[in-house]
Amino acid sequence: MALTFPTLDDFFAHGFDTVIDVRSPSEYAEDHVPGAISLPVLDDEERARVGTIYKQESPFLARKLGAALVFRNAADHIAGPLSHHEGGWKPLVYCWRGGQRSGSFAWMLKEIGWRADSVQGGYRSFRRLVNAYLYDAPLPHRLVLIDGNTGTAKTELLHVLARRGWQVLDLEGAARHRGSLLGGMGGQPSQKAFETILAGKLTAMDPARPVLVEAESSKIGERIIPPALWAPMKAAPRIEIGADMAARVAYLVAAYDDVLDDGPRLETLLWHLRELRGHEVVDGWLAHHAAGDKRGLTEALMAQHYDPAYAKSRRAIGGAPMARVQAKALDGPGIEALAGEVEAALNGLRAG
């Protein structure tokens, strides 16, 4: 009998040595159980062939071809990447819906003597648990937002606080995006994969302790923050980070050097803001860029785009921050000192 996991916590605490995803490579790439390895028993082309035969010719012929391919590929996996495992190895196998792909592979592994099992309902059952966790019920966590204008080193600050033992949910890291027009980091995960990452991190956190999250809009690049997380973020207490313009400019020129050096990409991104900020303003930005004036461009973008956008967002949310902390510098030592001041504010919140 395949295994059933009633909750997401149960799934993450599965207790198996290895989780094996036997779906096709494209299915795995879109999303998968955290830590699962990809050992497809049908690749994308083979899966398409079997599906076409099933619909256009005969379910029997499709199953016959599918079985031949599944067992051939499974044999390659057993002789190759799985050959080093000893007799006590305990793998958990899943496919799309807990059907023939995972059932056949798990059966083969059991026949060898390994303590294999499969997931009832496959990946779809896992996905339903993630969806229920992030869409259907309120999270048990107490969130605290780290807020502040662009260039106040909020992400680096959160990393320092995480090293100091605070629970931190790095939304930009999970979304692989720095949360602004220029913030792309080379390709985002799918929405499903983003949600899987968030669910995995949140279920591992202690609800009795605060979780620090960077203040974001409801979208990070193209990824949407799920409602069970977005609702408490809007209501969470905020610690607002301040820094003078010169420090922010210096920090951003270093942090966004890859974007500022990519001329064609930068020009394309800035063109998208013409309707919002006006042709004259964007032409001024492009003039800074053409002159190689990274600092001038960065300061103009903050003064004319990012700071007004942040101000508008704060007015929409309303409410004063629980604390304001002013950074004296945004280099390594400065961020460490800033972390100490934020910790003092957090300790005050816990004491209250």
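The convex hull drawn around the Cα atoms of segment 300-342, when projected onto a plane and averaged over every direction, covers 4.0 nm². Ratio of Rg to Rh for segment 273-352: 1.13 [Cα atoms; Kirkwood radius as inverse mean 1/r over pairs]. For Lys312, the lysines whose Cα comes closer than 23 Å to its Cα, not counting residues fewer than 8 places off in the same chain, are Lys154, Lys219, Lys234. Computing FRET efficiency as 1/(1 + (r/R0)^6) for Ile112 and Ala13, where r is the C-beta to C-beta distance and R0 is 35 Å, gives about 0.85. With all protein chains kept in place, the per residue accessible area of segment 217-352 amounts to 53 square angstrom at a probe of 1.4 angstrom.
Fully extending the segment from Ala231 to Tyr135, taken as 0.36 nm per residue of separation minus the present Cα-Cα distance, adds 33.5 nm. Approximating the spin labels as points 7 Å out from Cα along Cα→Cβ, the Leu61-to-Ala75 distance works out to 2.4 nm. Length, then width, then depth: along the principal axes, the Cα atoms of segment 18-138 run 47, 42, 21 Å. Ordered from longest to shortest, the equivalent ellipsoid semi-axes for segment 212-352 are 30, 20, 13 Å, each the square root of 5 times a Cα gyration tensor eigenvalue. Under a crude label model (7 Å from the Cα following the beta-carbon direction), how far is Asp331 from Glu30 in nanometres? That separation, rounded to one decimal, is 4.9 nm. Taking the Cα centre of the chain as the origin, how large is its charge dipole in debye, to the nearest 20, when only Lys and Arg (+1) and Asp and Glu (-1) carry charge on their Cβ atoms? My answer is approximately 1060 debye.
Looking at the P(r) of segment 28-92, how many percent of alpha-carbon pairs lie beyond 17 Å? The proportion of pairs with Cα distances above 17 Å equals 54 percent.
Dipole magnitude for segment 157-237: about 80 debye, using +1 per Lys or Arg Cβ and -1 per Asp or Glu Cβ, origin at the Cα centre. Relative to the current alpha-carbon distance between Gln191 and Leu286, full extension at 0.36 nm per residue lengthens the span by 30.9 nm.
Go through segment 179-281 and name the trypsin sites (Lys or Arg not before Pro) that are in a DSSP coil and have 15 or fewer other Cβ atoms within 10 Å of their Cβ. Filter output for segment 179-281: empty list. The fraction of accessible area contributed by carbon and sulfur in segment 202-258 is 58 percent, rounded to a whole number (1.4 Å probe; ligands and nucleic acids excluded). In this Cβ point-charge picture (+1 for Lys and Arg, -1 for Asp and Glu), segment 1-103 has a dipole of about 520 debye about its Cα centre.
Remark: the Arg163-Arg315 segment gains 51.5 nm on full extension, using 0.36 nm per residue and subtracting the alpha carbon distance. Principal axis extents of the Cα atoms in segment 142-182, from largest to smallest and rounded to whole angstrom, are 31, 20, 19. Each 10 Å bin, from zero up to the one with the longest distance, holds this percent of the alpha carbon pairs of the chain: 5, 20, 24, 20, 16, 11, 3, 0. Taken along the Cα-to-beta-carbon direction at a fixed 7 Å, the label points for Arg124 and Leu349 span 4.1 nm.
The values are calculated or read from the model by the stated rules, or taken from the named source; none is laboratory data. Keep in mind that this is a model prediction, so the values were computed, not measured. Positions of Cβ are generated from backbone atoms using ideal geometry, with glycine treated the same way; all protein chains shown enter the neighbour counts. Note: areas computed on protein heavy atoms with side chains; ligands, DNA, RNA excluded. Shrake-Rupley method; radii C 1.70, N 1.55, O 1.52, S 1.80 Å.
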